[in-house]
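Report on the following structure.
The values are calculated or read from the model by the stated rules, or taken from the named source; none is laboratory data. Since this is a predicted model, take the numbers as computed values, not measurements. Please note: Cβ atoms are built from the backbone with ideal geometry, for glycine as well, and neighbour counts cover all protein chains shown.
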Amino acid sequence: MAKPTPRSEPTRIEGSFRDPAGQIFQKDGHIYRTVNAPAAEDFAFVQNTDFYANAIVEKRLIDAQQVPLHVLNGHGPEASCVIEHPRLPFVSYPYEWTFRMLKTAALFHLDFHIDALAEGITLVDASAYNVQFIGASPIFIDTLSLRRYEPGALWTGYKQFCDQFLNPLLLQSYVGLHHNAWYRGSQEGITAGEIRKLLPARRKLSRRVLTHVTLQDSLQKTTRKGSGPNLDTLQAAGLPLPVFKKTLAGLRDWIAELEPKNAGPTEWSDYAKSNSYAPQEEVLKQEFVAGFVRREKPPQVWDLGCNSGAYAAVCLEAGADYVVGFDSDHGALDLAYSRARDEQLKFLPLFLDIANPAPSQGWAQRERYGLQERAGADGVIALALIHHMSIGRNVPLAEAVAWLVGLAPRGVIEFVPRNDPMVQELLRFREDVFPNYTEVNFLQELQRLASVERCQTSSSTGRLLVEFSRHSRD
Amino acid sequence: MNLGEFVLDRLGTGAASLAGIAFLIMCWEQPAHAYLDPGAGSLILQVLMGGLAGAAVVGKVYWKNLMARFRRGGKTANTDHGETDA
């Protein structure tokens with residue numbers, strides 16, 4: 001969901017093109033959803049249930065207020081009615097989530113569906129993109145996925161659930177690979193046929209794998225053109241409600257047990273233990289960042305290289321409304337997510353390879369937005385990150401500075417000098433071909449694009465904290 | 001302990017039956033056809049999970065297919081389509 005454009009004509013959010021039940025539009029920063037005729041009757045039914053009202057109150061389902069049809073100026077002509085949703089602070093995608101976040105989203109999805117079925121409502125799909133995070137809390141955003149349950153109806157989202165939640169989790173839990181790169185490439189997750197080829201033999205003996213992976217893939221492969229059962233036959237046979245519920249509950253039990261392979265509990269141990277003592281330098285650095293937030297009051301801050309989220313917490317404490325954190329270390333991100341969840345912070349930690357951010361992709365490359373298209377932070381902090389970009393990934397210093405300054409109008413960057421042990425570590429096994437990586441060049445490049453508001457040495461090795469304010473682009 | 005006993009011990013009788021069904025179905029596998037909805041397998045599976053009635057419905061269709069194969073003198077049902085399909 002890109003930042004609003006300053007115009008009064010509505011524009012369609014491209015990611016919603018698939019849904020014949022309705023599409024999403026944005027106009028002047030507002031988010032609208034059209035409800036088209038085929039879905040209108042079901043929506044009216046769902047809207048009048050206790051489940052729907054309670055789910056909104058409990059913040060499990062995004063709020064929706066009916067607005068006049070004319071707000072869309074004739075866009076979405078098929079609409080029976082138009083509803084307005086609150087704008088999410090930041091839209092993230094499953095390939096930017098950690099294992100723990102994907103697992104949280106999967107369990108949330110199943111619980112939501114189980115509770116819905118108890119009140120005669122079902123979900124017509126199981127897209128992981130329909131779950132978003134506000135801080136550490138998942139929320140279901142596709143109101144029109146909720147439909148009246150017809151007795152005996154099949155779970156139409158079953159394959160999608162397996163592809164987009166279950167199989168990526170199995171990849172990490174049973175094979176030991178992160179789902180992010182594969183998921184980003186395929187966009188629709190991992191199929192039963194794909195994960196089946198990777199699972200170790202002993203895992204294939206389990207009843208759950210046999211059912212949800214092997215058998216599902218096998219049955220797909222027994223279907224032949226012009227033969228085998230068709231949809232009418234299958235729908236007529238149907239899925240009894242108790243079996244439907246048992247299937248959802250069974251998947252829930254299974255997923256709840258999954259843990260990342262080769263990551264024992266000690267790796268995910270309480271972050272407070274590893275941060276119980278803050279050295280003096282750390283305290284000064286925190287005060288510098290807090291001072292920036294208190295003075296500039298940026299509503300949304302991006303914390304690049306957020307680690308376990310200590311500085312995200314500092315920003316929120318100092319008055320920021322929301323922090324989106326990015327890091328490439330899954331262990332650190334899990335600690336950050338635990339921090340956000342346990343302390344109920346408005347902090348969303350996400351996976352990011354800084355030299356290869358998520359691109360715009362999907363149909364016509366407009367279905368899922370790239371990081372740059374979702375940019376719009378009011379403040380950015382990049383503490384002890386620039387050496388990873390310039391020396392770790394060979395990004396020229398000028399380009400690294402320009403990219404960071406381009407993300408937000410103001411922020412704090414920490415420069416780590418060449419003699420710092422962390423930079424020396426990066427250079428340990430490689431030739432030092434970075435003569436331009438100096439504090440003088442860093443400040444020079446920064447001052448081409450921004451005013452330096454404050455500087456402070458942040459360590460005995462000469463790290464430098466710089467607060468900047470980007471030159472006006474007018 | 002022979003293989004059968006090991007499987008029963010490892011999985012329990014219910015799951016062993018499932019393994020048996022899976023094995024039989026796996027014998028029918030062939031490369032999935034691009035024309036068919038990739039969700040077909042998941043829908044058939046649900047009907048099978050639904051119990052005997054569902055299994056009977058699906059089983060009947062596969063039985064008919066099997067009989068049709070024999071009637072065609074052992075030719076498989078998919079021999080009349082391939083990469084040249086448009």
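A few comments on the model shown:
- Residues of the range A:176-191 satisfying the condition of being in contact with a Leu (Cβ under 9 Å, 6 or more places away or on another chain) and part of a helix (DSSP H, G or I): A:W182, A:Y183
- Of all residues in the range A:359-366, none satisfies being among the aromatic types (F, W, Y), touching a residue at least 12 places away in the same chain (Cβ under 8 Å) and touching a strand residue (DSSP E or B) at 6+ places or on another chain (Cβ under 9 Å).
- Residue in the range A:262-271 that is at pLDDT 95 or above, under 21 Å from A:L345 (Cβ atoms) and not in a helix (DSSP H, G or I) present: no
- Matching residues, the range A:101-145, being outside any loop (DSSP other than H, G, I, E, B), within 21 Å of A:P89 (Cβ to Cβ) and of a type in the set (S, T, N, Q): A:T104, A:N130, A:Q132, A:S137, A:T143
- Restricting the range A:207-241 to residues that are crowded, with 19+ Cβ neighbours inside 10 Å, under 32 Å from the mean Cα position of the chain (by Cα) and farther than 11 Å from B:L45 by Cα, the residue that is farthest from the other protein chains (Cβ to nearest Cβ): A:V209
- Identity of the residue in the range A:145-173, away from chain B (no Cβ under 13 Å), over 21 Å from the mean Cα position of the chain (by Cα) and of a type outside the set (F, W, Y), that ends up nearest to A:A340 (Cα to Cα): A:L146
- Whichever residue in the range B:43-86 is touching a His at 6+ places or on another chain (Cβ under 9 Å) and within 28 Å of A:C162 (Cα to Cα) and, among such residues, is modelled with the lowest pLDDT: B:N78
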